[in-house]
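Data block below; observations after.
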Amino acid sequence: MSVLTEEVEALLYLFAAVCFILALRGLASPKSARRGNLLGALGAVVGVATVFLAEELSNVALILIVIAVGSAISVPASRMVKMTQMPQLVALFNGVGGGAAAVVAYLELGAADSLGFKIAVAFTIFVGSISFSGSVITFAKLQEMMTTRPVMFAGQQYLMALLTVAALAGSVLLVLQGSFLLGTALMVVGLVMGVLLVLPVGGADVPIVISLLNAMTGLAVAASGLVLGNTLLLVAGTLVGASGTILTRAMASAMGRSVNNIIFGAFKGGSTAGSTEISDRPVKSGSAEDVAILLGYAQRVIVVPGYGLAVAQAQHTMYELAKALEGKGIEVVFGIHPVAGRMPGHMNVLLAEANVPYEVLQEMDEVNPQFKTADVCLVVGANDVVNPAAKTTPGSPIYGMPILDAGEAKQVVFLKRSMRPGFAGIENELLYEPNTTLLFGDAKETLSKVLSAVKAL
Amino acid sequence: MESIELLTYFVLAVFVGFEVVSKVSSTLHTPLMSGANAIHGIILVGAIVVAGHADETWKLVLALIAVLMATVNLVGGFVVTDRMLEMFGGKKKSSEGAAS
């Protein structure tokens with residue numbers, strides 16, 4: 001079906017590539033984000049249509065059926081997934097993309113003739129495989145199908161070193177010989193390395209790893225563009241690889257960590273290892289009425305929402321409580337930590353879902369100086385983002401992460417399900433401070449109780 | 001395609017990629033990651049090419065698996081990003097409504 005001339009094909013690919021660039025630029029600002037994403041989708045449609053029209057293809061009917069099946073799977077999945085589970089879904093989508101790139105390069109093994117193309121094939125197979133298996137493990141961690149704690153075993157770093165050597169040797173051999181057997185071996189090494197790379201990463205760092213794997217898939221796609229001599233794949237993949245790298249670094253710095261530390265930290269014993277044991281130290285727990293009185297007689301309240309709030313689907317109740325307090329002339333703001341939730345910026349999405357207006361959400365730098373003058377800091381379903389260990393305990397896994405200074409408020413109220421430590425698995429000293437009150441229970445239930453108690457004041 | 005030409009595209013795209021996301025606020029990190037994730041689903045184009053050129057059954061089967069995976073990445077990625085951004089848009093409207 002090659003109905004397009006080469007010039008038209010190249011022009012259409014150029015159009016699609018420009019759409020992708022504009023999509024990424026649009027996504028960088030809230031006003032243009034949605035339009036940007038739609039532009040990206042338009043670019044994708046044009047790109048896919050072009051390949052059907054420009055290339056001499058067989059099996060077209062089969063390909064179209066499979067595309068229909070893929071869409072039938074992914075559209076409902078993306079429409080129905082809960083916003084709290086979004087990071088998992090992104091990890092999964094990223095993984096299958098990486099897998100597809102690896103398979104494409106693998107099948108082009110026989111066709112690659114020049115040295116440069118063979119190197120690109122080896123690179124794509126290897127990196128795509130890492131991205132695939134790494135994303136699957138990430139998915140399992142986020143879905144809590146496996147432990148969120150770092151998994152380490154004796155000799156892990158030696159095994160990793162051995163695999164790196166094997167991967168290098170395999171790549172060289174593949175470039176020299178180009179047999180499918182070697183291609184398969186390289187794929188297997190990549191898959192195992194992907195698993196080993198993500199296993200030692202602690203729960204709190206998992207989002208950064210998704211971003212990193214995202215960038216890696218981008219590079220694998222770019223390399224597959226070299227393999228196929230397709231400029232659109234090359235440009236789109238490179239864009240994602242480059243922007244993904246910047247994004248990964250931005251996220252890591254928001255958490256006060258370096259990317260190297262996250263990936264290789266566990267091997268040196270420096271990652272987010274922690275305990276999930278329940279401490280039996282004494283804490284002060286209160287009733288919903290106690291909390292309502294604290295809140296009702298405050299002048300300034302800062303709410304620190306966390307992932308637990310969203311899991312309990314309590315954003316609406318939280319916002320109603322905030323409005324009820326405002327009705328009593330109490331100033332309420334939300335302090336949003338950049339990595340609140342399970343992904344940077346995740347909390348903003350979760351609160352947006354509940355129609356909490358943008359103006360009451362304040363970023364960390366904005367809200368931190370206000371804690372000193374706040375009467376009550378209400379921490380709902382958050383833990384690690386207010387953990388003073390990040391400032392005071394150099395040995396702590398989260399040491400150096402910027403936190404919200406909740407402890408500086410006159411009173412701190414924690415709404416928690418239990419004494420179980422947070423996602424990073426680290427004990428929080430703030431829970432044992434004398435000015436801290438704990439209110440146990442499901443966030444939605446306890447918040448409604450507090451809400452009715454506040455209304456009754 | 002000449003290798004040197006492809007290298008040129010690659011280097012230029014690296015700079016564009018760095019440039020477009022250098023000043024993004026942390027509020028949009030999640031949609032941006034998800035959007036970038038959708039874009040690399042364009043590997044679908046590559047999967048279609050290898051599936052269309054597959055000359056043996058096992059190759060066709062593998063290639064179709066790649067087509068399936070790439071479609072899920074591409075279509076799902078854009079849909080989920082749009083869903084997220086829809087909320088950002090809705091929020092803006094409702095807050096404007098509250099202000100007026």
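The values are calculated or read from the model by the stated rules, or taken from the named source; none is laboratory data. Values in this document were obtained by computation on a predicted structure and should not be read as measured data. Here Cβ is always computed from backbone atoms with ideal geometry, including for glycine, and neighbour counts include all displayed protein chains.
Every residue in the range A:1-21 that is of a type outside the set (A, V, I, L, M, F, W, C) and assigned to a helix (DSSP H, G or I), please. Outline the logic, then answer.
Initial filter on the range A:1-21 (of a type outside the set (A, V, I, L, M, F, W, C)): A:2, A:5-7, A:9, A:13.
If the condition is that a residue be of a type outside the set (A, V, I, L, M, F, W, C) and assigned to a helix (DSSP H, G or I), then A:Glu6, A:Glu7, A:Glu9, A:Tyr13 are the ones that fit.
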Exercise. Looking at this structure, is A:Ile210 within 14 Å of chain B (Cβ to nearest Cβ), surrounded by fewer than 24 Cβ atoms within 10 Å (Cβ to Cβ), of a type outside the set (Ser, Thr, Tyr) and more than 13 Å from A:Thr124 (Cα to Cα)?
Worked result: no
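Scan the range A:37-65 for residues that are outside any helix (DSSP H, G or I) and either under 30 Å from B:His29 (Cβ atoms) or facing chain B (nearest Cβ under 7 Å) (or both) and jot them down.
A:Glu55, A:Leu57, A:Ser58, A:Asn59
Can you confirm whether the range A:115-122 contains a residue that is surrounded by fewer than 17 Cβ atoms within 10 Å (Cβ to Cβ) and more than 18 Å from A:Pro207 (Cβ to Cβ)?
The answer is yes, given that some residue of the range A:115-122 is surrounded by fewer than 17 Cβ atoms within 10 Å (Cβ to Cβ) and more than 18 Å from A:Pro207 (Cβ to Cβ).
Determine whether the range A:322-339 contains at least one residue that is small (Gly, Ala, Ser), under 21 Å from the mean Cα position of the chain (by Cα), crowded, with 18+ Cβ neighbours inside 10 Å and assigned to a loop (DSSP other than H, G, I, E, B).
Step one: filter the range A:322-339 for residues small (Gly, Ala, Ser), giving A:322, A:324, A:327, A:329, A:335.
Cutting the leftovers down to under 21 Å from the mean Cα position of the chain (by Cα) gives us A:335.
Still in the running and crowded, with 18+ Cβ neighbours inside 10 Å: A:335.
Still in the running and assigned to a loop (DSSP other than H, G, I, E, B): none.
Among the residues of the range A:322-339, not one is small (Gly, Ala, Ser), under 21 Å from the mean Cα position of the chain (by Cα), crowded, with 18+ Cβ neighbours inside 10 Å and assigned to a loop (DSSP other than H, G, I, E, B), which makes the answer no.
Among the residues of the range A:229-246 satisfying the criterion of being outside any loop (DSSP other than H, G, I, E, B) and surrounded by fewer than 24 Cβ atoms within 10 Å (Cβ to Cβ), which is farthest from the other protein chains (Cβ to nearest Cβ)? Before the answer, list the steps.
Filtering the range A:229-246 down to residues outside any loop (DSSP other than H, G, I, E, B) leaves A:231-246.
From what is left, the residues that are surrounded by fewer than 24 Cβ atoms within 10 Å (Cβ to Cβ) are A:231, A:245-246.
Working: A:Thr231: 6, A:Thr245: 8, A:Ile246: 5 Å.
This residue is A:Thr245.
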For this session: Check A:Val360 against each of (1) closer than 16 Å to B:Thr30 by Cβ; (2) in contact with a Phe, Trp or Tyr (Cβ under 8 Å, 6 or more places away or on another chain) and name the one condition it does not meet.
Result: (1)
Exercise. Inside the range A:89-130, can you point out the residues that are farther than 16 Å from A:Ser179 by Cβ and free of Cβ contacts under 8 Å to residues at least 24 places away in the same chain?
Worked result: A:Leu89, A:Phe93, A:Ser114
Exercise. Is it true that some residue in the range A:98-114 is modelled with pLDDT of 90 or more, in contact with a Lys or Arg (Cβ under 8 Å, 6 or more places away or on another chain) and not small (Gly, Ala, Ser)?
Worked result: yes
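Hand me the list of helices (runs of 4 or more DSSP H) wholly inside the range A:341-457 holding 3 or more residues that are more than 23 Å from the chain's Cα centre (by Cα). Reasoning before the result, please.
Working: elements: A:346-353, A:364-367, A:389-392, A:443-456.
Helices (runs of 4 or more DSSP H) meeting the threshold: A:389-392, A:443-456.
Within 7 Å of chain B (Cβ to nearest Cβ) and either assigned to a helix (DSSP H, G or I) or surrounded by 24 or more Cβ atoms within 10 Å (Cβ to Cβ) (or both), is that true of A:Val96? Give the steps one after another, and end with the answer.
On the way: within 7 Å of chain B (Cβ to nearest Cβ): yes; either assigned to a helix (DSSP H, G or I) or surrounded by 24 or more Cβ atoms within 10 Å (Cβ to Cβ) (or both): yes.
Yes, satisfied.
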